[in-house]
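Some notes on the structure that comes next.
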Amino acid sequence: MADFIEFVLLDEKGVERNVKMNKDDPNEVYLWRVKHSRNLLKNPYWNRCANNGLNMYYSNRVGKKHYLLHRMCYYAHNPEWNIYDNSHNNSIDHIDRNPKNNHISNLRVATHSQNHENRNAKGYWYDKTEKRWIARVQKHGKEYRKYCKTEEEAIAAREKLKAKYHTF
């Protein structure tokens, strides 16, 4: 039988709602249902939540409020983390860069800048006006570039720039 983690989330009115998530399959989420419309149910039950694919990320509704599934999963395993803080310093990063892989071993807290360091980006291009290849990374709003003669040099330069400036 599956092992579940139970936790509480707030709906759109600020009412606490009981939620449970399968430890091994974070896509399996249930919401404790006590009302239908405005009427209390005689037999409350766990209702399976359907994952909605907003953009690339799965999300679930608690009442009328949407929660991103990777944030729910991280919160279920780390209840001291503040799920309601949507600031740039409280993002959740997918380590393997796959937004559909929401297993707790693939999630970590990151700043907005760190989260962008861990994305798939080519990071180099050919500039026709300059007639050379350019490798580029960005850190804290500052841009670092390296000019190269060949595409292979640009790829290698990009990797060196990432190693030097992207430490996350």
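Can you pull out every residue in the stretch 90-140 that is within 23 Å of Met56 (Cα to Cα), charged (D, E, K, R) and open to solvent by 20 Å² or more (accessible area, probe 1.4 Å)?
Answer for the stretch 90-140, where residues must be within 23 Å of Met56 (Cα to Cα), charged (D, E, K, R) and open to solvent by 20 Å² or more (accessible area, probe 1.4 Å): Asp96, Arg97, Lys100, Arg108, Arg119, Lys122.
Of these, His66, His36, which one is within 22 Å of Gly14 (Cβ to Cβ) and at pLDDT below 90?
Matching residue, one of His66, His36: His36.
Quick check: anything in the stretch 62-74 loosely packed, with under 14 Cβ neighbours inside 10 Å and more than 17 Å from His103 (Cα to Cα)?
The first filter runs over the stretch 62-74 and keeps only residues loosely packed, with under 14 Cβ neighbours inside 10 Å, leaving 64, 66.
Then drop every residue that is not more than 17 Å from His103 (Cα to Cα), which leaves 64, 66.
Yes, because at least one residue in the stretch 62-74 is loosely packed, with under 14 Cβ neighbours inside 10 Å and more than 17 Å from His103 (Cα to Cα).
Among the residues of the stretch 144-162, write down those that are open to solvent by less than 80 Å² (accessible area, probe 1.4 Å) and either within 24 Å of the chain's Cα centre (by Cα) or not small (Gly, Ala, Ser) (or both). Break it down into steps so the answer makes sense when it comes.
Taking the stretch 144-162 and keeping what is open to solvent by less than 80 Å² (accessible area, probe 1.4 Å), we get 144, 148, 150-151, 154-158, 161-162.
Residues satisfying the conditions are Tyr144, Cys148, Thr150, Glu151, Ile155, Arg158, Leu161, Lys162.
Pull up the stretch 73-89, narrow it to residues that are in contact (Cβ under 8 Å) with a residue 60 or more places away in the chain and outside any loop (DSSP other than H, G, I, E, B), then point me to the one that is farthest from Arg61 (Cα to Cα).
Per the stated criteria, the residue is His77.
What are the residues in the stretch 1-16 that are in contact (Cβ under 8 Å) with a residue 12 or more places away in the chain, loosely packed, with under 14 Cβ neighbours inside 10 Å and aliphatic (A, V, I, L, M), if any?
The answer is Ala2, Val15.
Return the pairs, sorted by first residue and then second, in which the second residue is exposed (fewer than 15 other Cβ atoms within 10 Å of the Cβ), the first residue lies in the stretch 17-38 and is in a loop (DSSP other than H, G, I, E, B), the beta carbons are less than 6 Å apart, and the residues are 6+ apart or on different chains.
Lys23/Asp3
Going through the stretch 44-71 one residue at a time, which ones are in a loop (DSSP other than H, G, I, E, B) and of a type in the set (S, T, N, Q)?
Selection gives Asn51, Asn55.
Sort out which residues of the stretch 126-159 are within 27 Å of His88 (Cβ to Cβ) and not β-branched (Val, Ile, Thr), and write them in order of number. Let's see the steps before the verdict.
Start the filter on the stretch 126-159 by keeping residues that are within 27 Å of His88 (Cβ to Cβ), which leaves 135-145, 158-159.
Ala135, Arg136, Gln138, Lys139, His140, Gly141, Lys142, Glu143, Tyr144, Arg145, Arg158, Glu159 - these are the residues of the stretch 126-159 that are within 27 Å of His88 (Cβ to Cβ) and not β-branched (Val, Ile, Thr).
The values are calculated or read from the model by the stated rules, or taken from the named source; none is laboratory data. Given the structure is predicted, the values throughout are model-derived calculations rather than measurements. As a convention, Cβ positions derive from the backbone with ideal geometry for all residues, glycine included, and neighbour counts pool all protein chains shown. The accessibility values were calculated without ligands, DNA or RNA, using every heavy atom of the protein model including side chains. Shrake-Rupley method; radii C 1.70, N 1.55, O 1.52, S 1.80 Å.
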